[in-house]
Amino acid sequence: MLTIADLGVLRDVRVDGDAVTVTITPTYSGCPAMDTIRDDVVLALTEAGFADVEVRTVLAPAWTTDWMSAEGKRKLTDFGIAPPTGHRPAGPIPVALAVRCPHCGSLNTREISRFGSTSCKALYECRACLEPFDHFKVH
Ligand SMILES: [Zn+2]
């Protein structure tokens, strides 16, 4: 299972008796998955016996794909989602990087839509095996 720690979303956890404060940074402003992640964190910790669960959302410093662990990237590939490649461009001009197909490994892919199953992901298509896949955006 891909965890929020793998994604680098989980920034901090503080436990004080039966109270716990979890700090998360969204992967993408307006990412609808963050509401689900927050609910899942509260549910999991409540079930674990914490009476007081607080989830704080911290926007600065902004999340970057660099925070995602190698394990997290590997799990994304296992799920058929192309992990982020390279690093954010240092300059103001975005650099288009070849996205590797998670199914066959081909770099001969193209973006079909800026928005895949969630706004954090773009929908790609592989020209080699013709399979569509989600690409986690680098930002
Ligand atoms: Zn392919």
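Every number in this text was worked out from the coordinates using simple rules, so none of it is lab data. Being a predicted model, the structure only gives us computed values, none of them experimental. Positions of Cβ are generated from backbone atoms using ideal geometry, with glycine treated the same way; all protein chains shown enter the neighbour counts.
Between the amide H of Cys120 and any residue lying 5 or more places away or on another chain, no distance stays under 5 Å, with hydrogens modeled in the peptide plane. Extension gain for Ser113 to Arg127 (0.36 nm times residue separation, less C-alpha to C-alpha distance): 3.5 nm. Scanning residues 5 or more positions from Gly8 or on other chains, those with amide H under 5 Å from its amide H are Ser69, with H placed 1.01 Å from N in the peptide plane. Close amide H partners of Val99, meaning residues 5 or more places away or on another chain with modelled amide H under 5 Å apart, are Thr109. Annotation: for a label point projected 7 angstrom from Cα along Cα→Cβ of Lys137, residues of the stretch 63-82 with backbone N closer than 19 Å are 63-68, 81-82. Based on alpha carbons, the Rg and Dmax found for the stretch 4-57 are 10.9, 33 Å.
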